[in-house]
Amino acid sequence: MKTEKKPVAAIAMFSGGLDSILACRLVMAQGITVKAVRFVTPFFGYELLAREDQYRKTTYEKYGIDVTLREVNTPYLQMLKAPAHGYGKNFNPCVDCKILLAKTARELLDEFGASFIITGEVIGQRPMSQRSDTLRIIERDSGCEGLLVRPLCALNLKETKAEQQGLIDRERLLAFSGRTRQPQIKLAATFGIDDYPSPGGGCVLTDPILAKRISEFYEQGMPVRSRDIRLLLTGRQFRLPGGGWLTLGRDEAENEALAMLVEPGDLILDPDDWPGPLGILRGSGGEDQTLAAALLKRYAKKGESLASVGVRIWSQGTDESEALVVFPPLLEDREFAGWLR
């Protein structure tokens with residue numbers, strides 16, 4: 001009597017890019033159930049949380065992939081303080097990021113009834129995190145030795161436990177390598193996939209300006225929270241002479257985003273009867289309030305035509321506000337260049 005083959009399932013570390021899409025489809029083509037997990041932090045993917053249902057629906061309709069989102073904010077923010085394998089060109093801890101996400105995926109195996117983990121990595125594609133020696137380090141330090149299957153480049157690597165145990169057919173995996181995208185594009189066509197994201201770094205920690213902001217914040221030695229990072233990544237940022245941290249919205253959407261990030265003790269600078277940015281002043285008062293109001297005038301539409309500016313400063317958590325009338329001349333860029341972050 002023929003024994004019925006036991007269903008096999010895998011977790012995919014899903015980035016949403018073409019490589020991770022193809023890795024999922026290659027494994028699914030072998031009749032293996034793939035549960036894609038997209039990990040989310042304030043540095044990548046966070047905006048998807050506000051539309052998770054739509055994101056899941058769209059991903060399934062376009063690629064046939066069942067994906068779920070998982071936040072890893074707390075361990076990620078802790079790791080970023082001192083990644084064991086250092087930073088890349090900016091403040092990006094690419095190797096330790098992969099280790100953390102792989103470790104988290106391993107911890108989800110039982111929850112999803114999965115036997116192994118797949119990723120879309122291609123050996124040699126990225127200079128720091130996708131060298132053969134680095135791929136081995138990621139496996140070792142995440143506790144995933146033998147569990148990580150990389151379908152796109154598996155034939156360039158040692159057999160994994162899943163291959164040895166016959167859970168996945170190694171002969172149907174690939175040997176991609178290097179930075180060229182042509183093999184992926186051709187493979188996508190065989191799956192009928194022609195609408196996929198352009199390659200690019202989705203992590204803000206690779207952005208020189210944003211990475212500098214975040215690294216400076218870490219250097220202060222204070223506890224770092226997800227909400228702090230989200231504020232740092234929104235609007236124009238200033239460190240004022242009195243120590244205050246001022247954030248100004250650049251458009252209506254950012255004004256609305258900032259309004260959601262206000263915390264007890266913050267001062268909300270809201271222009272009084274004139275179009276301009278919303279501001280959040282954190283950690284200071286006194287002279288910084290006046291300077292903050294002057295900066296609102298500087299960035300307001302037609303602010304240079306106003307002899308004075310009325311600004312209402314709200315103390316979060318109360319119904320009280322303080323009305324300031326600011327008479328400074330319009331600040332020149334050179335006057336506050338050193339405050340910009």
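Nothing in this text is a laboratory measurement; each read-out follows from the coordinates by a stated rule. Quick caveat: nothing in here was measured; it's all calculated off a predicted structure. As a convention, Cβ positions derive from the backbone with ideal geometry for all residues, glycine included, and neighbour counts pool all protein chains shown.
The distance from the alpha carbon centre of segment 56-108 to that of segment 144-185 is 20 Å, rounded to a whole number. With the simple spin-label model, which puts each label point 7 Å out from Cα in the Cβ direction, the D110 to A82 separation comes to 3.1 nm. Taken about its Cα centre, the chain carries a charge dipole of about 1580 debye when Lys and Arg each add +1 at the Cβ and Asp and Glu each add -1 at the Cβ.
Here the label points at T190 and A50, each 7 Å from Cα along the C-beta direction, are separated by 4.0 nm in the simple model.
Work out, step by step, the length gained on full extension between I209 and R131: first 0.36 nm times the residue separation, then minus their alpha carbon distance; give nm to one decimal.
Working: separation 78, 0.36 × 78 = 28.08 nm, distance 2.69 nm.
That works out to 25.4 nm of additional length.
Quick check on segment 9-204: take the gyration tensor over C-alpha atoms, sort the square-rooted eigenvalues as a ≥ b ≥ c, and tell me if it's rounded (a/c under 1.5), prolate or oblate.
Details: a/c = 1.29, a/b = 1.13, b/c = 1.15.
Rounded shape, in that the Cα axes give a/c under 1.5.
On a 32 Å Cα-Cα criterion, which of the cross-link pairs K6/K158; K62/K98; K6/K81 come out too long?
Going by Cα-Cα distance, K6/K81 fall outside the 32 Å limit.
Among residues other than S115 whose Cβ falls under 12 Å from its Cβ, what is the net charge (Lys/Arg +1, Asp/Glu -1)? In short, +2. Distance between the modelled labels on D273 and W339, one decimal in nanometres: 2.5 nm (7 Å Cα→Cβ projection).
Could you calculate the FRET efficiency of T180 with K62 from 1/(1 + (r/R0)^6), where r is the beta carbon distance between them and R0 is 22 Å, rounded to 0.05? The partial results should precede the final answer.
Values: r = 24 Å, r/R0 = 1.09.
Between T180 and K62 the formula returns 0.35.
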